[in-house]
Structure formats: structure tokens, C-alpha cells
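For reference, the structure is listed below as C-alpha cells.
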Amino acid sequence: MSPILFELLLRSIWETVLMTAASGLISLVFGLPLGLALIATERGGIAENLWVNRVLGAVINGFRSVPFIILLVALIPVTRLIVGTSIGTWAAIVPLSIAATPYYARIAEVSLREVDHGLIEAARAMGGNRWTIIREVLVPEALPGIVAGFTVTLVTLVGASAMAGAIGAGGLGDLAIRYGYQRFETSVMIAVVVVLIILVCGIQWVGDRLVARLDRRG
Amino acid sequence: MNQHFTATAEAGSQAPPQDVVRLVDLKRRFGATAALDGISLTVRKGEILGIIGRSGAGKSTLIRCLNGLERPDSGEVFIEGREISRLGERDLQPLRRRIGMIFQHFNLLSAKTVEDNVALPLKIEGRPKAERLARAAELLELVGLSEKAKAYPASLSGGQKQRVGIARALAARPALLLSDEATSALDPETTRSILALLKDINRRLGLTILLITHEMEVIRSIADRVAVIDAGRIVEQGPVWSVFADPHSDITKRLLGTIRPQLPAELSARLLPAAGAETILRIDVAGEAASGPLLSDLATSVPGAFRLVHGGIDHIQQQPVGTLFLSVPGGDAKHLADVIAFLKARQARVEVLGHVADPV
């Protein structure tokens, strides 16, 4: 591999890591509260409101049903509004975050729902309010699942960011298509695949270790 | 409803201060079934009231009405003289801090250490951390788990978990402790130690306890008074020893069947209504009748043989309560009548269960 290609590879790794990390963080910041809102407003939840629950569910399902490559293009006006441009790595972070947030919200919802209802009742019996229940019961008890779900989301984002090349965001996927596939640079293709495998394994390993440390359920 | 000895007159809307809990005509329906069908009940300061009933009798709904986890359809709930059944969630929160609760499945937070679990009610109250940890240490000492302060609940046995649950329930110095089947998930030996702990806390701290259970053994071990609930109604209530000595309702008799002496099955299978070689009597005695030399007096006063088939004397709240099964030779109606008359004169309740053709 030529030094130029090697430099391209390094830059692509950075772009992929940046896209994954930034949109992962945003999906965590918005997806977790969204998951909490889904659990809180459902029937028998701590802030039951079926109307809000249905609307939230429908919006989340709506975003999740659109294929990412279409979302990438459809969201161009939104991206331009937020980032100022519709091209480049930062521009790709907007659609990636918007796709990952409802995805992560559903994963967080599943973990939060698994918290034993008896624990919520115990917190209520102690005189706790909704905020207490969220802070002391729901989030800490679901934390292993919340972290494991975040790991899954990050890995999914690594894959999704490959498509972001379509709007000039760069990244490893873009490199593999343009150099490895279109210019028959097999060494680039192999290098990209190896890097992706290392990246995904690394994320999964860190995630699994963290879950093991957090899980006190015996 | 069958009242034993201490029928309390209940009138007026202001509860006297010595009543920690007073329920007036509580009703709650779930669809077509009435979980609570007009429950009136008083829990006095410092006593242990046991509520017993089969599963589905309405016990859980009842106990959850006391801290507002469940709302009655109608009726009134007074806690320390204050009516709470119409309070909103926000007004219930400070009230719930006056009421500790322990659960069948402990409901400890798995992500928190034992001391943080115990300190949680104080954290909810907004107490400073140093005070919370000092109080948690004090309570863990009380329940005998000081060395487990930094452990996580998953590493504890069932009995230890319930001890943590009890410590947690006491953290905010409640006026009332609610126990929701707290020993139902524990083995008999652990059950005994948890009940002993509750009794000890009741005595030492003067804490009022209301417990629900489906096990008469629990009632016998620690309750001062018992209320029997069936199909959402209280069918019988009174001091434990008197309900045990003289149960009125069928459901109470059935619940007592597991811990009071019963006629051995092989004998009851052979009972005939017609006269046979022997007549089997059931004798229930309590108080003085049970502490005196009843059988030796019977033997000297009424000539003729009798045989003790089964039975025993139990001590409930320091009161002897006994059930004896006697076999008296048949064929002599006068002798049988004399035996029964003698026993009745000694305040014993006598029931002719039947006759057996061939003596064992």
C-alpha cells in the first residue's frame, strides 16, 4: 500500500470513529430519556399517559422504518439547517444521530421494562417521587442492559457510517467502495475490513467488560 | 363478623390518638370481584395485628390501601388520625415516610450495596450522607448484618435479604410497619428468626406492626390480635389466643387446621354416625381449664375408662390452648353423658365426632 493510501486509511479511520462516537453520544443523550418516557407513559407506568405514549411510539416507529440511505438524503435540509452544510463528516452525524436515537430508545425501553415492578413499588412505599424512581431504581437497575444496548448501537453505527460516503462524509466504508472496489485496490479492501473487525471487536469487548462490572444481580 | 372479647366501639370521625390505623367500611372492586367488601379495622399503637386469609382474599389490596399504593373505591383510611384515601400522590409521599414496608420478595435494589439500600429512605428524605450512613450502620447492627454493609444483595441469603428489608423499612423511624407476606418466601427456620426479629423490634421500639400472611404459624408466633379475612370481609377478629381457642368461622377453623391438633386421618376415615364400640370426643380447652389437672380430675370424678387418642396443649400469648381427642367406650349412654357433663362444667367445649366400630 502506498504512503498516500495509508494516509487515506488513517484519515478514514478517524472519520469513522468520529461519526460513530459523536452520533452514538447524541443517541445516548436523547435515546435514554426517550426510552424512559416510553416506559413512564405506558399503561401502569409512573407517569401514565397513553396519548403521549402512542404519539412517541408512532414517531419512533416512523423513523425506524425509513431505510438509512433514504434518511440520509431526505434529511439534507435539516442537516443544512443544523451544520450549515450537507456535505462532509459533520453533516453525516446529523442523519446518523437521528437514525440511531429511536433505535437506541427502543433498546433502552426493553432494558428499563425488565426492572422488577416490585422495586418501583418499594421506592413508592418509601415516599419516593417519579424522579427518585428514575434516578434510584429504573436507571441503576437497568444500567447493565442500557450499556449493553449502547454497545449494540455503536456497532450498528459503525456499519451505518459506511453509507455516509454517499454525502461525502468519508470514512472507512467510503474508502473501501472508492478505492478497494471501484479501483480494484484489493489491499485497501482487506485493510478496511481488518480495521472494521478490530474496531467492532474493540467496542464489543469494552462494552462487555463494562456490563460485567456493572451487573450486581449475581 | 365474630368479635372476640374486645369488641371496640367505633363511632365518630376523629380517631383517638392511640389508634395508628383506623379503617372504616373500606371497599374496592376489580371488575366483577370485590377485593375489599366493607372492611373496618383498628390497629392500636404498639400492637402487632395479623391479618390472615387465603390467597385472593383481599389481604394485599388491604395493606396497600394503608400507604396509598392502592386507592379504595369508598370508605376511609385514617393513619395517626389523618384521613389519607383521597390524598394525591404528592401529599402521600411525606406520609409514606411514616410507614415502613417489607415485602415477600424483599425488593432490594440489586445495584446498591446493603448500606445504600438501608439508607435509601433517608436519601429520599434529603438527609446528608454522613447521617444516612450512620443510621444505616445502626440499623444493620440491630438486624445483625453489620459485616455485610458493603456487600450487594445478590450475595445474601433469603433471610439476610429480609433483614436488610427490615432495616430499610425502619430507616426513617416509621410509626407503622407493614409486612406483606414477609416470610412466605423463606424456609421455616429462617421464618422463625425473622419473626423473632420483628417481635423484638416491636418490643424494643414500641413499633406498631400490621402484617398479612396466609400462614397461621406466623400469627401464632408474633401477633397480639388477628383478623381473618375472606372474600373481602373480616369474618372474625380478636386476641390470637382466644381465636385459636374458640374459632367461630369455617375459614378460621380451616386455616387453623394446619397448626392445631387434628383427629388422625386413619381414625377419622373410620368414624361412623351410629353407635359403635367407642365414641370419639373432641375437647377444646383454654385458659384455666387447660392449665388445671383436667384429665386426672375426670378420671377420679367419673368412674369408667377413657382413652387419650390424640391432642396437645399449646401456649399462645402465655395462654394455654388445648385440643384433646378422647375415646370413651360405647354402650353406656350414662357414662358418656357424665363425661361430657364433667368436661362442660370445667369450661371445656365438647363435640361428639362419631363412633368407631372396632377400637384401635
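None of the figures in this text is laboratory data; all of them are computed from the coordinates on show. Please read these numbers as outputs of a predicted model, since none were measured by experiment. Here the Cβ is made from the backbone with ideal geometry for all residues, glycine too, and neighbour counts use every protein chain on show.
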In Å, the C-alpha Rg and Dmax of the stretch B:213-288 are 15.0, 45
P(r) for the protein assembly as shown: what percent of alpha-carbon pairs falls in each 10 Å bin, starting at zero? 3, 14, 18, 17, 14, 12, 9, 6, 4, 3, 1, 0, 0
Extreme residue, positive dipole direction of the protein assembly as shown, given options B:Leu343, B:Ser301, B:Val218 (C-beta unit charges): B:Val218
The simple spin-label model distance between B:Arg254 and A:Ile87, using points 7 Å out along Cα→Cβ, in nm, is 8.2 nm
The protein assembly as shown, dipole about Cα centre (Lys/Arg Cβ +1, Asp/Glu Cβ -1), debye to the nearest 20: 1320 debye
Pop a pseudo-label 7 angstrom from the Cα along the beta-carbon direction at both A:Asp208 and B:Arg307 and give the gap in nm to one decimal. 7.3 nm
With Cα springs under 10 Å, the Gaussian network model of chain A assigns the largest mean-square fluctuation among A:Leu172, A:Leu119, A:Leu199 to A:Leu119
Nearest 20 debye, what's the magnitude of the dipole of the stretch B:219-343 about its Cα centre given +1 on Lys and Arg Cβ and -1 on Asp and Glu Cβ? 260 debye
Given the Cα-Cα distance of A:Val193 and A:Trp14 and 0.36 nm per residue of separation, how much length would full extension add, in nm? 62.9 nm
With a cut-off of at most 13 other beta carbons within 10 Å, and DSSP calling the residue loop, which GluC sites (Glu not before Pro) in the stretch A:12-73 qualify? Please list them. A:Glu48
Please compute the net charge surrounding B:Phe244, taking Lys and Arg as +1 and Asp and Glu as -1 over other residues with Cβ under 9 Å from its Cβ. 0
Helix A:139-160 versus the longest principal axis of chain A: what is the Cα-based angle in degrees, 0 to 90, to the nearest 10? 20 degrees
Taking amide hydrogens as modeled 1.01 Å from N in the peptide plane, which residues meet the under 5 Å criterion relative to B:Val235, leaving out close sequence neighbours? B:Val228, B:Ile229, B:Asp230
Most mobile of B:Glu47, B:Glu181, B:Glu131 per a Gaussian network model of chain B (Cα springs, under 10 Å)? B:Glu131
Point-charge dipole on Cβ atoms (K/R +1, D/E -1) for chain B, about Cα centre, debye to 20: 1300 debye
Taking a cut-off of 15 Å between Cα atoms, list the aspartates and glutamates near B:Lys334, but don't count ones fewer than 8 places away on the same chain. B:Glu278
Cα centroid separation - the stretch A:84-106 against the stretch A:133-212, whole Å: 14 Å
Give the residue from A:Pro144, A:Ala74, A:Val17 lying farthest towards the positive end of the charge dipole for the stretch A:3-214; charges sit on Cβ (+1 for Lys and Arg, -1 for Asp and Glu) and the dipole is referred to the Cα centre. A:Ala74
Binned Cα-Cα distance frequencies in chain A - 10 Å width, integer %: 8, 29, 29, 20, 10, 3, 0
Gyration tensor verdict on the stretch B:265-356 (Cα atoms; rounded if a/c is under 1.5, prolate if a/b is larger than b/c, oblate otherwise): oblate
Taking a cut-off of 22 Å between Cα atoms, list the lysines near B:Lys59, but don't count ones fewer than 8 places away on the same chain. B:Lys27, B:Lys45, B:Lys199, B:Lys253
Quick one: if the Förster radius is 56 Å, what FRET efficiency do A:Val66 and B:Leu272 give, using the C-beta to C-beta distance and rounding to 0.05? 0.10
List the lysines whose alpha-carbon lies under 26 Å from that of B:Lys123, not counting same-chain residues fewer than 8 positions away? B:Lys112, B:Lys148, B:Lys150, B:Lys161
Take B:Arg173 and B:Gln317, extend 7 Å from each Cα along the Cα→Cβ direction, and tell me the distance between the two endpoints in nm. 3.0 nm
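Counting other C-beta atoms within 10 Å, and keeping those with at most 11, which DSSP coil GluC sites (Glu not before Pro) do you find in the stretch A:107-197? Spell out each step's value before the answer.
Numbers: sites: A:Glu109, A:Glu114, A:Glu121, A:Glu136, A:Glu141, A:Glu185; in loops: A:Glu114, A:Glu185.
Sparse-neighbourhood loop GluC sites (Glu not before Pro): A:Glu114.
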Using only the Cα atoms of chain B, each taken as one equal point scatterer with no solvent, compute I(q) by the Debye sum, divide by I(0), and report log10 of the ratio at q = 0.09, 0.10, 0.14 Å⁻¹. -0.60, -0.71, -1.12
For chain B, what does the helix formula give at 222 nm: sum of -39500 (n - 2.57) over DSSP H segments with n ≥ 4, over the residue count, nearest 500 deg cm²/dmol? -9500 deg cm²/dmol
